[in-house]
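Step one of this worksheet: look at the structure below.
The values are calculated or read from the model by the stated rules, or taken from the named source; none is laboratory data. Values in this document were obtained by computation on a predicted structure and should not be read as measured data. All Cβ positions, even for glycine, are placed from backbone atoms using ideal geometry, and neighbour counts span all protein chains on display. Accessible surface is based on the protein model in full, side chains and every heavy atom, while ligands, DNA and RNA are left aside. Shrake-Rupley method; radii C 1.70, N 1.55, O 1.52, S 1.80 Å.
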Amino acid sequence: MSKPIYILNGPNLNRLGTREPQIYGRTTLAEVEAMCREAASGYSIVFRQSNREYEIIDWVHEAIDEGGGIIINPAAFTFTSMAIMDALKMFPGPMIELHISNIHKREPIYHKSYISPIATAVIAGLGTDGYPVAVRAMIGMLRAKT
Ligand code: CA2
């Protein structure tokens with residue numbers, strides 16, 4: 001059986017759909033999870049969100065041991081966390097950095113990602129539709145590997 005795809009979400013994304021709809025839309029994180037499961041076509045999905053940096057690091061370690069691929073929206077940790085970057089560096093499989101908004105179109109504080117230089121691919125600006133797009137792209141990469 002193939003290893004699961006880990007979809008990890010960083011701080012505040014549990015509040016998705018409740019504010020700033022002009023940037024992040026009105027879809028909730030529970031709806032995003034459902035979209036990902038629908039796109040997974042037989043692959044198992046581990047879908048998680050945390051507001052705590054250490055918990056995301058622990059989940060990356062879990063994915064290193066048990067996961068086939070990682071899709072991560074690190075939210076604000078994108079711009080601050082060398083610790084998450086260091087953990088992700090140890091992951092041997094494909095990794096997609098995902099952002100709902102186009103971070104490069106926003107203020108300069110959103111431009112310098114610690115994760116992009118080590119990610120296999122980056123998706124930004126597709127809204128929450130970026131999640132199922134990332135799942136399909138991840139499945140393509142996992143199939144190409146086997
Ligand atoms: O666009 C993205 O997905 C971001 O990763 C979201 C982060 C932001 O710091 C990144 O620059 C881009 C912020 C997430 C804030 O969470 C929200 C929760 C509820 C409503 C709106 C946003």
Of the residues that sit in segment 105-136 and are in a helix (DSSP H, G or I) and either under 16 Å from residue 25 (Cα atoms) or within 10 Å of the ligand (Cβ to nearest atom) (or both), which one is most open to solvent (accessible area, probe 1.4 Å)? 109
Residue among 91, 79, 47 that is surrounded by fewer than 18 Cβ atoms within 10 Å (Cβ to Cβ) and among the aromatic types (Phe, Trp, Tyr): 79
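Among the residues of segment 1-19, which ones are within 13 Å of the chain's Cα centre (by Cα) and of a type outside the set (Phe, Trp, Tyr)?
Of the residues in segment 1-19, the ones within 13 Å of the chain's Cα centre (by Cα) are 5-11, 13.
Once the filter is applied, which keeps residues that are within 13 Å of the chain's Cα centre (by Cα) and of a type outside the set (Phe, Trp, Tyr), segment 1-19 yields 5, 7, 8, 9, 10, 11, 13.
This table checks each residue for (1) assigned to a loop (DSSP other than H, G, I, E, B); (2) over 16 Å from residue 98 (Cα atoms); (3) out of contact with any helix residue (DSSP H, G or I) (no Cβ under 8 Å at 6 or more places or on another chain); (4) not aliphatic (A, V, I, L, M).
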residue: 14; (1), (2), (3), (4): no, no, no, yes
residue: 32; (1), (2), (3), (4): no, no, no, no
residue: 63; (1), (2), (3), (4): no, yes, yes, no
residue: 72; (1), (2), (3), (4): no, no, no, no
residue: 83; (1), (2), (3), (4): no, yes, no, no
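Looking at 74, 21, can you tell me which residue is modelled with pLDDT under 95 and within 14 Å of the ligand (Cβ to nearest atom)? Walk me through it before giving the result.
On the way: 74 fails: modelled with pLDDT under 95.
Being modelled with pLDDT under 95 and within 14 Å of the ligand (Cβ to nearest atom) holds for just one of 74, 21, which is 21.
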Checking the structure you have, find out if any residue of segment 43-56 is away from the ligand (no atom under 16 Å from the Cβ), touching a residue at least 40 places away in the same chain (Cβ under 8 Å) and touching an Asp or Glu at 6+ places or on another chain (Cβ under 9 Å). yes
